[in-house]
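Chemist: Take a look at this one; I'll ask things after.
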Amino acid sequence: MLVRHAMRLRSFLSGEGGTRPTIRFMPSPGRLAPGRRVYAIADVHGHLGKLLALHQRIAEDLAERPVAESLLIHLGDYVDRGPDSAGVIRTLRQGPAVPVDRVVNLMGNHEEMMLRAVASGDPQLAGPWLANGGAAALLSWGVSPDTPPRHWAQLLPQEDLHFLESLPVRHSVDGYVFVHAGLRPGVVTELQAVRDLLWIREPFLSSEADLGAVVVHGHSPATEPVLRRNRIGLDTGAFLTGRLTCAVLEEDRVGFLVA
């Protein structure tokens, strides 16, 4: 379900329709050190073309506005629902063609579902994954969804599975913490349960509490980015709206690129 109270940021979204990125910035609830910039993309869900378009716009932004230190963070949910999960994973595994200083790829709940289903070969675990977009993911690797789950581990590329297994679940930079889903209010970041980092919605989404850092996350789709005093939500529902969003964070401001 789409988040009902997404802040209306249409005038701050740039780059739709293939235009060059002229980013309009607004005050951010968090802060980065001077000379540092973070690009964050959430919930690709197999939309390789849109991901590559955002990577191109990031490259253009860096060419126009060089910065001392740049970081690109993907917030998980690379697989399922869209047409080319395999292509997305291959692109991330090989390293995006973006001239940033570092790339961090986080795990999402869809990667966790996929890994559990593939590793177990258990139809009871496979069923929920297939029903939530796993069938499209298998097809992108050339595997029929009718193939018994016990064979999936042998049919999927081992390098792709190893890549998914190695993904971290959070990353912190200055006044921000980046995770797929969110944090549980009242629990310090270092003690958060992995399940909450990958799956939580409430009570995180409605919380106004100080979470120790501004949380940049995906997982809960909205038609536009969600900006709150303690979080920035970036899942704009590529599989529903056709829109993939990238936050551009620098110093005390945030802007957005869209493909």
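Read-outs: derived from the displayed coordinates by stated rules, not from any lab. As the structure is a prediction and not an experimental result, all values here were calculated from the model. As a convention, Cβ positions derive from the backbone with ideal geometry for all residues, glycine included, and neighbour counts pool all protein chains shown.
Chemist: When Lys and Arg each count +1 and Asp and Glu each count -1, what net charge do the other residues less than 14 Å away from H55, Cβ to Cβ, add up to? Intermediate values should be presented prior to the final figure.
Modeler: Working: positive: K50, R57, R90; negative: E60, D61.
My count for the surroundings of H55 gives +1.
Chemist: Specify which residue in the list A209, G76, V98 is farthest towards the positive end of the charge dipole of the chain, using unit charges on the beta carbon of Lys, Arg (+1) and Asp, Glu (-1), about the Cα centre.
Modeler: A209
Chemist: Taking only Cα atoms and a 10 Å spring cutoff, compute GNM fluctuations for the chain and point out the largest among L191, L211, L155.
Modeler: L191
Chemist: Explain nothing, just the number: dipole magnitude of the chain about its Cα centre with +1 on each Lys and Arg Cβ and -1 on each Asp and Glu Cβ, in debye rounded to the nearest 20.
Modeler: Value, rounded to 20: 560 debye.
Chemist: When the scattering of the stretch 128-259 is computed by the Debye formula from its Cα atoms alone, each counted once and equally, what is log10 I(q)/I(0) at q = 0.09, 0.19, 0.20 Å⁻¹?
Modeler: -0.34, -1.14, -1.20
Chemist: Compute the projected area of the convex hull of the Cα atoms of the stretch 146-208, averaged over all viewing directions, and report it in nm² to one decimal place. Let's see the in-between values first.
Modeler: Values: hull surface 26.2 nm².
Average of the hull's projected areas for the stretch 146-208 equals 6.5 nm².
Chemist: Identify which of A209, A153, A53 has the largest mean-square fluctuation in a Gaussian network model of the chain, with springs joining Cα atoms closer than 10 Å.
Modeler: A209
Chemist: At q = 0.16 Å⁻¹, work out log10 I(q)/I(0) for the stretch 84-160 with the Debye formula, treating every Cα as an identical point scatterer and leaving solvent out; two decimals please.
Modeler: At q = 0.16 Å⁻¹ the computed log10 ratios are -0.59.
Chemist: Next question. Using 0.36 nm per residue of separation minus the Cα-Cα distance, give me the extension gain between R31 and D146 in nm, one decimal.
Modeler: On the way: separation 115, 0.36 × 115 = 41.40 nm, distance 4.86 nm.
Full-extension gain reported as 36.5 nm.
Chemist: With springs only between Cα atoms under 10 Å apart, run a GNM on the chain and tell me which of R229, R37, R81 wobbles the most.
Modeler: R229
Chemist: Would you mind counting up the charge near R170? Only other residues with Cβ under 11 Å from its Cβ, with Lys and Arg at +1 and Asp and Glu at -1. Before the final figure, lay out each step's value.
Modeler: Values: positive: none; negative: E190, D196.
So the surrounding residues net to -2.
Chemist: Tell me the Kirkwood hydrodynamic radius of the chain in angstroms, computed as one over the mean inverse distance between distinct C-alpha pairs. Walk me through the intermediate numbers first.
Modeler: Working: mean 1/r = 0.0544 Å⁻¹.
Roughly 18.4 Å, rounded to one decimal.
Chemist: With the convex hull built on the Cα atoms of the stretch 17-91, state its orientation-averaged projected area in nm².
Modeler: Values: hull surface 24.0 nm².
The number I arrive at for the stretch 17-91 is 6.0 nm².
Chemist: Please give the length that would be gained between T22 and D101 if that part of the chain were fully extended, namely 0.36 nm times their separation in residues minus their C-alpha to C-alpha distance (nm, one decimal). Don't skip to the answer; put the middle values down first.
Modeler: Details: separation 79, 0.36 × 79 = 28.44 nm, distance 2.17 nm.
Taking T22 through D101 to full extension adds about 26.3 nm, to one decimal.
Chemist: Report, in whole Å, the centroid distance computed from the Cα atoms of the stretch 145-177 and the stretch 99-136.
Modeler: Cα centroid of the stretch 145-177 versus Cα centroid of the stretch 99-136: 6 Å apart.
Chemist: Over the Cα atoms of the stretch 78-117, what radius of gyration and what Dmax do you get, in Å?
Modeler: 11.4, 35
Chemist: Sort R195, R102 so that the residue with the fewest other Cβ atoms within 10 Å of its own Cβ comes first and the one with the most comes last.
Modeler: R102, R195
Chemist: Check V104: other-chain or 5+ apart residues with amide H under 5 Å from its amide H, H built from backbone geometry?
Modeler: Amide H to amide H, under 5 Å and 5 or more residues apart or across chains, V104 pairs with L72, I73, H74.
Chemist: Can you give me the P(r) profile for the stretch 38-179? Cα pairs, bins 10 angstrom wide beginning at 0, each as a whole percent.
Modeler: Values per bin, smallest distances first: 11, 42, 30, 13, 4, 0.
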